[in-house]
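Read through the structure below, which is laid out as structure tokens, and then see the notes.
The values are calculated or read from the model by the stated rules, or taken from the named source; none is laboratory data. All values reported here derive from a predicted model rather than from experimental measurement. Cβ atoms come from the backbone with ideal geometry, glycine included; neighbour counts cover every protein chain shown.
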Amino acid sequence: MSTIFTKIINKEIPATIVYEDDQVLAFNDIEPQAPIHILIIPKKQIATLNDLQIEDAALVGQLFLTAKLLAKQMGFDEAGYRTVFNCNADGGQAVYHIHLHVLAGRKLSWPPG
Ligand code: 5GP
């Protein structure tokens with residue numbers, strides 16, 4: 001089932017896109033939880049981490065490599081950042097199209113709530 005992120009991929013609704021290639025899209029979160037809060041998503045529709053298949057391994061790797069690239073380009077690689085995938089209800093997932101959160105720009109606490 002498609003989500004709001006499919007509409008962002010298809011440019012049917014606006015988003016501040018910070019990176020795009022043929023497989024991956026990255027854009028600013030509409031409700032940022034840190035000064036920098038980017039969502040990195042595959043263009044392929046995958047609902048949750050539970051739905052990943054072995055053939056998706058390289059694609060998931062691309063999400064992390066995009067996080068690394070953006071951290072370098074945007075200059076928060078050395079200060080640090082957090083990457084998060086939420087899965088299903090207890091993980092706090094609200095949009096059922098996998099997305100890697102990248103949070104930066106402030107000291108993040110641990111453990112998360
Ligand atoms: P989740 O809770 O599923 O891990 O995270 C979903 C994220 O998507 C949330 O941080 C939420 O703010 C963000 N989000 C939901 N709808 C939109 C939207 O229409 N545009 C953007 N840019 N972010 C969205």
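Descriptive notes on the structure:
- Restricting 44, 72, 107 to those that are surrounded by fewer than 15 Cβ atoms within 10 Å (Cβ to Cβ) and touching an Asp or Glu at 6+ places or on another chain (Cβ under 8 Å) reduces the list to 44.
- Criterion: within 16 Å of the ligand (Cβ to nearest atom), modelled with pLDDT of 95 or more and part of a loop (DSSP other than H, G, I, E, B) - qualifying residue of 13, 40, 8: 13
- Residue match in region 49-65 (condition: closer than 29 Å to residue 107 by Cα, more than 12 Å from the chain's Cα centre (by Cα) and within 13 Å of the ligand (Cβ to nearest atom)): yes
- Qualifying residue in region 67-77 (condition: under 26 Å from residue 113 (Cβ atoms), within 11 Å of the ligand (Cβ to nearest atom) and not acidic (Asp, Glu)): no
- Test: residue in region 40-58 that is in contact with a His (Cβ under 9 Å, 6 or more places away or on another chain) and without any contact (Cβ under 8 Å) to a residue 12 or more places away in the chain: no
- Contact map, region 80-101: residues that are at pLDDT 95 or above and of a type in the set (S, T, N, Q) paired with residues that are assigned to a loop (DSSP other than H, G, I, E, B) and more than 9 Å from the ligand (Cβ to nearest atom), Cβ distance under 8 Å, separation 6+ or inter-chain. Pairs shown: 88/48; 93/48.
- In region 6-16, the residues that are under 14 Å from the mean Cα position of the chain (by Cα) and exposed (fewer than 13 other Cβ atoms within 10 Å of the Cβ): 16
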